[in-house]
Amino acid sequence: MLNIYYGKMPEAVFNTAVYFKNAYEDAWITDPVARQMILDIDKSVVLDSAVIDSPVLGKIPPVSLSGGVKTLILMKNERSKIFNASTCGDDCAKWILKLAETDDLTINLRHLMDFGEGAFDIRILNTDKIVHSMRELVPVAGLYV
């Protein structure tokens, strides 16, 4: 299940770009799910663990991926940490939900992310309330962001 804490959270990794730069492993980049996320979000193709082909930037290293993709990759691989998901755009929301399907995932949000029109199960840690749609999520999240 996806767990979200809204607002300032001292234990969350706030600067995900710096954390990613110093913690990522080559195998994280070539993982099939990471490849799909990179293609979907950044429209880029992983050539190998050190080179990604971006239609905008050309050949880039993993540290030059978008903040959203780097944060998603961290969420996938560092489950014991809580990451600031406000570095992600709404296009990352479906991937966050997907990552939370197989194992609990806790994130920190400092804005209202759009999780789409579909049904979902998200626990809001601020209130310990489980919501199932954006219609239910917005009033609760609005209290904290």
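The values are calculated or read from the model by the stated rules, or taken from the named source; none is laboratory data. This is a predicted model, so every value here is computed, not measured. With ideal geometry, Cβ positions are generated from the backbone for all residues, glycine too; neighbour counts draw on all protein chains shown. Just so you know, the surface numbers come from the protein's heavy atoms only, side chains and all, with ligands and any DNA or RNA stripped out. Shrake-Rupley method; radii C 1.70, N 1.55, O 1.52, S 1.80 Å.
Please state the charge dipole magnitude for the chain, taken about the Cα centre, from unit charges on C-beta atoms (+1 on K and R, -1 on D and E), reported in debye and rounded to the nearest 20.
320 debye
Using the C-alpha gyration tensor of the chain, what are the square roots of 5 times its eigenvalues, in whole angstrom, with the largest one first?
27, 15, 13
Only bridges whose two residues both fall in the range 4-145 count here: according to DSSP, what percent of them are antiparallel, nearest 5?
55 percent
Return the carbon/sulfur percentage of the accessible area of the range 1-105, one whole number, probe 1.4 Å, all protein chains in place.
It is 53 percent, rounded to a whole number.
In Å², what does the accessible area per residue of the range 5-145 work out to with a 1.4 Å probe?
I get 51 Å² per residue for this part.
I want to check the label-to-label distance for Val63 and Gln36. Put each point 7 Å from Cα in the C-beta direction and report it in nm to one decimal.
2.9 nm
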